[in-house]
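One structure is given below, encoded as structure tokens.
We did not get these values from a lab; they are worked out from the coordinates using the rules stated. Bear in mind that the values here come from a model prediction, so they are computed numbers and not experimental data. Neighbour counts run over all protein chains shown; Cβ positions are idealised from the backbone, glycine included.
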Amino acid sequence: MSSPVPPPRFDLAESFPETGEPAARAAQDLPGALALLTARRPRGGAEYGVALDALAAADGLDEPLDRHLAEHPDDTEARVVRAARVVRRAWELRGTEPGAQVGAERFDAFFALLARAEQDLVRVVVAEPADTAAWGLRLSTARGLALGTSEAGRRWRHLRAADAHDVRAQREYLQHLTPKWGGDWGRVDAFVGEVTAAAAPGSAEWALVPYAALTRWYDDHRAEGTSAMRWPEVVTGLDAAEQSFLAAPTPSRYEAVLAHTDFAVALGLAGKRGRSAAHFAQLGPSLAPGTWALGADHRSDLENIRASALAEGRRR
């Protein structure tokens, strides 16, 4: 009898326990946890970002962070962590409903939280103008506060000057360029082209192609089934991007989870089940939650592809 397929694992800190070390230490030793987080910055934005996410989600750190910053007001790392926690709380409060379904009271609380986070983040970027984590969070606050694509572009340019290949920030900025946040699909296409033109073989930046295709499908064509994901121009773009992504090993195993999830879901919805399965096989139990959620209307089919891929992997 075959063993059951493991459920999806959405917490990257669980998949990569070393990234959860700062969060695990924070309750007993906040300065030590902040030092562990800072030590991850030179290793690349993805590992640092996963560790920051874990700290942002950890329980019981609000009062310790407030006390720490009262005593050490110039600790920019602590301010980034506090802001990340507030931004996370704000978007959880906002939810995923269309704006018309979010009541005025909830919107007011959402805006207040984002404005509070902005206070910390402004102090950080004044002291550390190349702090990509702070600029990335400021892209998120700009979107929530509806500051417009011009301000989002300004923040993106600051971040890009420090790290032009920050995959997580690229996705956040792409959201700003979509019609529902004040942009248009032409600007999305231009941005994806700009990113991929500078992407190395094997880079997770190639997954911005399926991510953009899924975003457009989800926003504009989801009610029509999966036909828009099978348009020739979409499939051609997916084919070329996948070829470049698979041309070399992905340098970051954390970013690889994002990229393989994007390709697995997009190719599955495009009817390329075998290629989708190959990406699910590379992922094992791990999945990026944001992209997986985009395919929620076709979850059963995607789960079947994933189950077949993981079962085949166990037979080998």
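Distance between the 7 Å Cα→Cβ label points at GLU233 and GLU151: 3.2 nm. Taking the fewest neighbouring Cβ atoms within 10 Å as the starting point, the ordered list for HIS72, HIS298, HIS260 is HIS72, HIS298, HIS260. With the charge dipole of the chain set up from +1 on Lys and Arg Cβ and -1 on Asp and Glu Cβ about the Cα centre, the Cα lying farthest toward the positive end among the listed residues VAL50, THR196, ALA247 is that of ALA247. Think of each Lys and Arg Cβ as +1 and each Asp and Glu Cβ as -1; about the Cα centre, that makes the dipole of region 55-135 roughly 240 debye. Each peptide in 124-133, 166-175, 59-68 was scored by the mean count of other Cβ atoms within 10 Å over its residues; highest first, the order is 166-175, 124-133, 59-68.
Please give the residues of region 12-50, grouped as numeric ranges, whose backbone N is less than 18 Å from a label point set 7 Å along the Cα-to-Cβ vector of ALA296. Backbone N within reach: none found. With a cut-off of 18 Å on the backbone N, the residues of region 131-167 near the modelled label site 7 Å out from LEU93 along Cα-Cβ are 138, 140-147. Structure remark: mean-square fluctuation, Gaussian network model of the chain, C-alpha springs under 10 Å; the largest value among ARG106, ARG222, ARG273 belongs to ARG106.
Taking amide H as placed 1.01 Å from N in the peptide plane, ARG9 has its amide H under 5 Å from the amide H of SER286, LEU287, each at least 5 places away in sequence or on another chain. Per residue, the average separation of C-alpha pairs within less than 8 Å and at least 6 apart gives region 184-316 a relative contact order of 24 percent. Among TRP181, TRP156, a tally of other beta-carbon atoms within 10 Å of each Cβ gives an order, fewest to most, of TRP181, TRP156. Projecting the Cα atoms of SER140, ALA23, GLY284 onto the dipole axis of the chain, where Lys and Arg carry +1 and Asp and Glu carry -1 at the beta carbon, places GLY284 farthest toward the positive end. Between ALA162 and ASP62, full extension at 0.36 nm per residue minus the direct alpha carbon distance yields a gain of 33.1 nm. Annotation: amide H of GLY183 within the under-5 Å range of THR178, sequence separation 5 or more or interchain, hydrogens built in the peptide plane.
Computed about its Cα centre, the charge dipole of the chain is approximately 600 debye, with only Lys, Arg, Asp and Glu carrying charge at their Cβ.
The order of ARG299, ARG88, going from fewest to most other C-beta atoms within 10 Å of their C-beta, is ARG299, ARG88.
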